[in-house]
Each structure stands twice: as C-alpha cells, then as structure tokens.
Amino acid sequence: MSGNERAERRLRLTNLREKGVEPYPAEVIRTHTIAQVLGQFEQLEAAAEAVTVVGRLTALRQMGGLTFLRLVDGTSSMQVVLKEDQVGNEQYQFFIDHADVGDFFGFAGGMYVTQKGERSILAISFTILSKALAPLPDKWSGLQDVEIRYRHRELDLISNPEVRERFITRSKSVTAMRHFLDSRGFMEVETPILQPIPGGASAKPFITHHNALDADFYLRIAPELYLKRLVVGGFEKIYEIGRCFRNEGIDYAHNPEFTMMELYWAYASKDAFVAMLEELIVTIVNSSFGSLVVPYGEGSINFSAPWKRITFRQAIIDACGIDIDTIHSSAELFVAVKAAKLKIDFKGCVGLGEFYDRLYKKTARAAITQPTWVFDYPLELKPLAKVSPADPSKSSSVQLVVQGTEVVNAYYHELNDPLDQRARFAEQQALRDQGSEEAQWMDEHFLSALEHAMPPTSGVGIGIDRLVALLTNSANLKEIIFFPTLKPENKTV
C-alpha cells in the first residue's frame with residue numbers, strides 16, 4: 001500500500017467529518033441480506049418493493065453519471081447501480097468524492113436488471129457505514145503471499161472466497177458432530193485447560209505460572225484423565241470439544257494448539273464402539289461435504305463404509321517386511337531396518353515403543369491413503385489402554401488413518417485397573433528419567449479416581465483440524481485454522 005493512497009483515504013475521512021457526516025455510525029437498518037434479495041428477486045421486482053442492503057464495496061466502476069458497484073455481505077454478493085439522475089447531482093458527486101473500495105455502505109433501492117441481464121439494485125439513497133483507511137489487496141492478483149494470508153486472515157477471507165468456504169465446511173463439521181453425539185445420548189462437558197499435571201497423551205507440554213497460587217501449571221495436552229474421572233463419577237456417555245496444546249514442532253500436519261473432540265462411553269462393546277465411530281465420520285463427511293467421495297490432491301478419498309481393517313503389526317509387514325513381533329530391542333530393530341534398506345532417523349527415540357512408532361510412521365502409515373482402521377498398537381505406545389485380549393504385547397486400541405494421517409485415536413477398552421495403571425505410569429516415569437520429553441507423568445489424583453472403580457469404558461480422540469483438512473483438500477493445517485501459530489514478527493533478542 002502506498003503512503004499516498006493511505007493519505008488520500010485519510011483526507012476523505014477528514015472531509016466527511018467536516019461535512020458533519022459520521023463515517024462510523026453505531027447502527028444500521030437492513031431489510032434484506034443479499035442472499036435474500038437474490039433468492040426473492042422476481043417477487044420483489046413484481047411488487048416494486050424497495051430494499052435496504054449493506055456490505056463492503058469490493059469493486060467500483062464509474063462511467064460519467066453511472067457507477068457500477070460490487071457489494072458483498074456475509075451471505076453473498078451482487079451489483080448495485082448508482083445513477084446520478086436517481087440520487088441527484090449533489091449526492092452522486094458526494095459518493096464519487098468520498099467512497100473507496102473496501103468501505104462499508106448501505107444502499108436503499110429497487111430491483112433492476114441491466115442490459116446484460118445482471119440482477120442488480122438500483123440505488124435511490126446510500127449511507128456510509130465504515131470508512132476503510134487501508135485498501136484491499138489487488139482484486140486481480142488477490143492475496144497470494146502465504147505468510148500474509150495466515151498472519152492477516154481477515155484479508156485472506158476478503159480476497160479469496162475459497163478460504164471462506166473451507167471455514168464454513170469446518171463449522172458444518174463441528175455442528176454435525178455435536179448433533180450426532182447429542183442425538184445418541186452423549187452429554188457435552190468441559191474440563192480444565194490449566195492442569196497441574198499434563199496427562200492423557202504422550203507429548204511435551206507448555207508450562208505457565210499462576211501468580212496468585214505461586215504454582216506452575218501446564219496447558220492440557222488432552223482432556224482424557226479428567227473425562228475418565230467423570231466416568232468414575234457416574235457419567236456414562238460424555239464428550240468434550242476444545243483446544244489442546246502440545247509444545248512440539250510446527251509443520252503441515254502440526255500446530256501447537258489444535259481442536260480435538262474426546263469421548264467416553266461406558267459399557268460399549270468393541271464392535272458397537274468402532275461401528276459408532278465409523279457412522280460418526282460418515283455423517284460428518286455427508287453433512288459438511290454432501291458426498292462420501294471427497295477430492296484430495298490429484299485423486300479422491302472414498303469414505304464409504306465399511307473401511308479396511310488391519311493390525312499395526314501387519315501394516316508394517318506389508319509396508320517394509322519387518323515383523324515387530326520378532327524385534328525385542330532397539331539394536332535388533334536397527335539390524336532389521338538396515339537389512340530392509342530403509343533410511344529412518346531414530347534420533348530422540350527413548351524406549352522400544354517410540355522406535356516402533358517411528359518405524360510405523362515412516363513406512364506403514366505413510367503408505368495408507370484411503371480410510372483404514374489400524375488395530376492393536378504395541379502396549380508401550382498406549383499406556384492408558386487395556387491389554388489386547390488376543391495378544392498381551394498389544395493394546396486394545398485402534399486408529400483411523402487417511403492419507404497417511406491419524407484422524408481418530410481410540411481405545412476400545414480403556415485401562416481401568418488401578419494397579420496396572422500405576423505400573424504403566426511408573427514405566428512412563430522411567431522413560432522420562434531417561435530423557436523422554438513425551439512420556440506421561442504419574443498422576444496420583446487420576447489413580448485415586450480409578451481406585452474408586454471405573455466401569456468398562458471405550459474412549460476416542462478425533463483431531464478436528466486434520467479431519468477438516470482432508471474434507472477441504474487442504475495439504476496444510478494452517479489452511480483450516482483461522483489464526484495458526486506463526487513466528488512473531490520483528491523478533492528481537
């Protein structure tokens with residue numbers, strides 16, 4: 001934006017005030033949205049009914065005593081025609097002298113069809129509602145710089161209509177999720193974001209300090225342990241939709257703060273639980289997209305159920321030929337990886353479970369494109385899940401993987417044995433002592449709750465950001481988070 005243009009706009013603002021015109025009135029009367037006008041155009045035209053519409057000017061083209069305007073509100077856009085002989089010479093010149101693209105205006109007028117057949121409003125009066133001192137991005141090239149788009153999302157939404165549609169899809173997805181769960185007897189609850197011990201997932205937390213209590217707290221990495229305490233308290237079907245925080249890297253698939261839905265269902269069978277999750281995702285896709293075949297990249301994702309099912313172990317065998325059931329140490333895994341001619345960086349892995357996880361993510365998970373249920377992860381990776389009834393080295397867990405991304409993480413049998421849970425926490429604490437920043441903490445309050453007995457329970461976490469990214473063909477999570485985390489501008493040391 002040039003300094004001259006900003007100065008010119010400020011001058012027009014000054015002139016408005018000198019003429020006694022308030023350029024930022026507190027209220028406005030709107031009789032119709034633009035979508036309503038377009039939807040009822042013929043009826044309004046036949047009745048010779050006047051309407052008042054409001055919105056932002058996104059284009060302005062003057063041809064002598066005739067000006068064509070593009071007006072956009074939160075529902076749609078349409079053309080407004082301003083004629084000098086309709087509004088009068090003085091008012092017409094006032095508009096030409098003071099209006100800029102980007103300003104908000106209100107127009108009153110009747111239905112009008114141009115010679116080219118475009119349905120428009122022929123204005124008989126207008127009111128300025130908010131003066132824009134900075135111009136919008138160039139309408140032809142739009143706002144293309146990715147850094148600016150994410151940092152100034154308001155300009156991105158104005159300049160790129162497809163961005164607005166992505167966030168509408170996101171809203172529809174969350175609404176469909178809530179409706180599905182509410183209609184099946186689940187109750188929405190809220191649990192703390194500030195926690196004295198971060199638990200419920202394996203991740204590095206953010207730390208903060210509460211001045212009044214003079215105590216450190218952590219932003220939650222998951223609501224799991226608090227939700228399970230509610231199950232202990234007698235709530236059998238509950239869920240929470242909210243922000244979680246993990247102090248980890250930022251890339252196309254990770255943002256430090258993200259939205260997750262977490263749910264717990266007491267007394268559910270494995271088959272009923274997985275079937276419900278599949279129906280939930282299908283319902284969300286249908287409600288927000290209108291089809292179960294969703295374009296993605298150069299191809300598509302078919303969410304039609306039932307989905308493929310495979311075990312964690314078999315997925316790795318199919319991807320690279322390594323059978324983790326024959327691997328009992330990191331040294332043995334290194335030998336197997338070398339024999340398979342794989343290049344995997346295991347730096348930072350602590351404990352065999354993290355080595356299994358790195359192998360899986362670099363081989364098997366990356367190869368999965370269509371919706372696939374991956375069952376029975378190694379027990380070391382799921383310290384809050386029961387042992388699989390079929391294999392004591394595996395957990396009663398399942399994840400939905402799509403396009404190489406984990407979308408659903410579920411335990412069809414949550415761990416409710418307090419003695420077993422204490423032993424698992426102790427193993428996790430040992431990993432922390434060895435340097436792991438992601439291993440879970442010993443949580444005595446949660447263990448105390450389990451000692452009062454938790455019924456057989458199934459639980460799940462669904463990453464809403466990742467699911468919406470798939471539904472909107474977005475290769476980067478930043479495209480579907482209004483204000484993603486970015487490096488601060490002009491950071492000084």
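Which of the following residues is among the aliphatic types (A, V, I, L, M) and in contact with a helix residue (DSSP H, G or I) (Cβ under 7 Å, 6 or more places away or on another chain): ILE124, ILE158, ILE96, ILE168? ILE124 is the lone residue from the list that is among the aliphatic types (A, V, I, L, M) and in contact with a helix residue (DSSP H, G or I) (Cβ under 7 Å, 6 or more places away or on another chain).
Checked against (1) farther than 14 Å from PHE312 by Cβ; (2) surrounded by fewer than 18 Cβ atoms within 10 Å (Cβ to Cβ); (3) modelled with pLDDT of 90 or more, LYS361 passes all but condition (1). Taken as a whole, the condition of being in contact with an Asp or Glu (Cβ under 9 Å, 6 or more places away or on another chain), part of a helix (DSSP H, G or I) and crowded, with 16+ Cβ neighbours inside 10 Å applies to LEU225.
Of all the listed residues (LYS347, LYS382), the sole one being in contact (Cβ under 8 Å) with a residue 24 or more places away in the chain and either surrounded by 18 or more Cβ atoms within 10 Å (Cβ to Cβ) or not polar (S, T, N, Q) (or both) is LYS382. Per this entry, VAL80 is counted among residues that are under 19 Å from ILE29 (Cβ atoms) and either exposed (fewer than 15 other Cβ atoms within 10 Å of the Cβ) or assigned by TED's automatic domain parsing to the domain that holds ILE34 (or both). Within the range 159-168, if we keep just the residues that are modelled with pLDDT of 90 or more and crowded, with 17+ Cβ neighbours inside 10 Å, the residue that is farthest from the chain's Cα centre (by Cα) turns out to be VAL163. Out of curiosity, is ALA134 touching a Lys or Arg at 6+ places or on another chain (Cβ under 6 Å) and surrounded by fewer than 15 Cβ atoms within 10 Å (Cβ to Cβ)? Taking the combined requirement at face value, the residue does not satisfy it. Counted as qualifying within the range 53-156 are the strands (runs of 3 or more DSSP E) with 2 or more residues that are touching a Leu at 6+ places or on another chain (Cβ under 9 Å) and polar (S, T, N, Q), namely 77-83.
Criterion applied to GLY353, GLY348 was being under 33 Å from the mean Cα position of the chain (by Cα) and in a helix (DSSP H, G or I), and the one residue passing it is GLY353. Selection of the range 389-404 for residues being surrounded by fewer than 21 Cβ atoms within 10 Å (Cβ to Cβ) and either over 29 Å from the mean Cα position of the chain (by Cα) or within 14 Å of ALA319 (Cα to Cα) (or both) yields PRO389, ALA390, ASP391, PRO392, SER393, GLY404. Restricting attention to the range 233-276, the residues being surrounded by fewer than 20 Cβ atoms within 10 Å (Cβ to Cβ), part of a helix (DSSP H, G or I) and either touching a strand residue (DSSP E or B) at 6+ places or on another chain (Cβ under 8 Å) or in contact (Cβ under 8 Å) with a residue 24 or more places away in the chain (or both) number 2.
The values are calculated or read from the model by the stated rules, or taken from the named source; none is laboratory data. Every value quoted in this text rests on a predicted model; they were computed, and no experiment measured them. Here Cβ is always computed from backbone atoms with ideal geometry, including for glycine, and neighbour counts include all displayed protein chains.
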